[in-house]
Amino acid sequence: MKIKTIWQGKEYPHNWEFYAECDEGEKIQISVKNGDAVKIAPNPKELVLQGMASCTSVDVISTLQKMRQPLEELIVECDAEQTTVHPKVFEKCNINYYVNGKELNVEKVANAVFLSFTKYCGVSAMLEKSGCHMTPKLFVNNKEIDIFDPENKISDKLKHWIKDVANNCSNGVALVTGASRGIGNALVKQLSQEDFAVIPTARSKVLYENTNIFDSLYLDVTKPNSISYLSNFLKKNSIELNLIVHNAGVFSLDSGADSLDVNYTEIHKIYEANVFGLIEANNKFMQLMSSCSTIAFVSSLMGHDSYDTYSYAAYRMSKRSVIQFAKNVALQFQNQNKKICILSLHPGSVKTDMNPSGKISVENSAKNISYLLSNKMLETRMKNNGGFWNFDLTKEVWECLK
Ligand SMILES: NC(=O)c1ccc[n+]([C@@H]2O[C@H](COP(=O)([O-])OP(=O)(O)OC[C@H]3O[C@@H](n4cnc5c(N)ncnc54)[C@H](OP(=O)(O)O)[C@@H]3O)[C@@H](O)[C@H]2O)c1
């Protein structure tokens, strides 16, 4: 993609006016307000927001057309706040979608906006990656609709599940991130057998046929708006969590990258999911924890001192940060006299997509983890609050490492 901006020596106050060209299509004007001059065109940052609004609009229109929805009008309005110091970047942005048309199916409209926002819109993804917190809102024929739960079906189902199922589970409610496959998926099933009511979260829908397990709820830990949405949704439905397992994680893209070869893109991708996303999710979900509860952070021995090598640098460093974060959280709770139990853990070498040569099955790993998280181990976990637990495969025991 190539563009060009042209400045042609205009005098003050028009000396911040430009033409912009691209490979195909008309020239457009760009103008930065200067003195008392009337601004004749969008300024560069307005152009970014207009770009985002039209990028997401294309997704919504094409999805609705594929769904044969009678769309008559779509207006996307963005309202962004910038940081106060240079370089001033977008910090927060509300995006309002006004979708109009007789006989539109609100569920389909919400789905089209959801798909654009979570999957397709490259401009909003770029802004999110730069740290801008996006809040989308949808209005269909002037009525506000929840993008993630357009007809309140999930909310209603959750209320019944809490009353009929969760309130009867002796261990309370557990939430697991990264439940689509691997260890997370097996752990959801295992915890449900240990009399937890489990809320699995994942980027894609997962089906579980077990009444103790609620429908999987959408959570992409690299998307702050998805974290905020989920925590607000759970809060709105008065959910109190007794256990959170932060399991979602990614391994090195360039799996062999040693410390001196690791590049910015790789570190960023891995930290986004394994560290930034985990911290953001934890700190938002914290408000939902019951007074006596447990938070487990799935880390890896690869991030611990005892595993001294320089390969898989980005992953190793990210998992080291998780161990440190768990310790810090436990210390802060201790200072606040809170009885929340915190631990980080290495599940052993487990055969999953991430580790195809793993030594034990996900089912066995899930049994081991749920034992560590059980009430039998509560006292030992509390004594080592904030500690890093390693599952020793040769002895088949958990050990808390210094
Ligand atoms: N397997 C091992 O031997 C081993 C050893 C030590 C530590 N661990 C740790 O154990 C955890 C689970 O690993 P695994 O072996 O089960 O790996 P896996 O089979 O690759 O599963 C990873 C899970 O994380 C989810 N995930 C990735 N990025 C996400 C995001 N941005 N938002 C939400 N979910 C996301 C994946 O969801 P999608 O399906 O949407 O991608 C998937 O459900 C990881 O934290 C890993 O580092 C594993």
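Key figures
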item: Listed residues ALA110, ALA80, ALA179, most fluctuating in the chain (Gaussian network, C-alpha, under 10 Å); result: ALA80
item: Of the GluC sites (Glu not before Pro) in the stretch 322-402, those whose Cβ has at most 13 other Cβ within 10 Å and which sit in DSSP loop; result: GLU396
item: Sequence-separation-based contact order of the chain, relative, with Cα cut under 8 Å and 6+ spacing, percent; result: 9 percent
item: Size of charge dipole - the stretch 1-157 - debye, nearest 20, with Cβ of Lys, Arg +1 and Asp, Glu -1, no other charges; result: 300 debye
item: Alpha-carbon centroids, the stretch 163-231 and the stretch 13-55: separation in whole Å; result: 47 Å
item: Net charge of neighbours whose Cβ lies under 12 Å from the Cβ of GLY387, counting Lys and Arg as +1 and Asp and Glu as -1; result: +3
item: Dipole moment magnitude, nearest 20 debye, the chain about Cα centre, only Lys, Arg, Asp, Glu C-beta charged; result: 880 debye
item: Mean accessible surface per residue for the stretch 273-402, computed with a 1.4 Å probe while every protein chain stays in place, in Å²; result: 49 Å²
item: Most mobile listed residue (GLU194, GLU73, GLU266) in the chain, GNM with C-alpha springs under 10 Å; result: GLU73
item: Rg followed by Dmax, in Å, when the chain is reduced to its Cα trace; result: 24.4, 80
item: Of all DSSP beta bridges in the chain, antiparallel share, percent nearest 5; result: 45 percent
item: Per DSSP, loop GluC sites (Glu not before Pro) in the stretch 1-71 with at most 10 further Cβ within 10 Å; result: GLU11, GLU24, GLU26
item: Gain in span if fully extended, THR211 to VAL123, counting 0.36 nm per residue against the direct Cα distance; result: 27.7 nm
item: Sites SER62 and GLN332, calculated FRET efficiency, Cβ-Cβ separation with R0 51 Å, nearest 0.05; result: 0.60
item: Top of LEU243, LEU260, LEU115 by mean-square fluctuation, Gaussian network on the chain, Cα under 10 Å; result: LEU260
item: Cβ-derived FRET efficiency at R0 30 Å, ALA41 paired with GLU81, nearest 0.05; result: 0.85
item: Amide proton proximity set for VAL198, modelled H, under 5 Å, gap of 5+; result: ALA174, ILE213, PHE214
item: Over the chain: helical MRE at 222 nm, DSSP H runs n ≥ 4 each giving -39500 (n - 2.57), nearest 500; result: -10500 deg cm²/dmol
item: Förster radius 30 Å - calculated FRET efficiency between ASN168 and THR135 (Cβ-Cβ, nearest 0.05); result: 0.25
item: Candidates per trypsin sites (Lys or Arg not before Pro) in the stretch 49-118, loop by DSSP, up to 15 other Cβ within 10 Å; result: ARG68, LYS88, LYS102
item: Charge-dipole axis of the chain as Lys and Arg at +1 and Asp and Glu at -1 on Cβ define it, positive-most pick from ILE227, PRO44, VAL362; result: VAL362
item: Measure of compaction for the stretch 178-242 (Cα Rg per 2.2 N^0.38 Å); result: 1.09
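The values are calculated or read from the model by the stated rules, or taken from the named source; none is laboratory data. Quantities reported herein were computed from a predicted structural model and do not represent experimental measurements. Glycine gets a Cβ as well: all are built from the backbone with ideal geometry, and neighbour counts include every protein chain shown. What goes into the accessible areas is simple: the full protein's heavy atoms, side chains included, and nothing from ligands, DNA or RNA. Shrake-Rupley method; radii C 1.70, N 1.55, O 1.52, S 1.80 Å.
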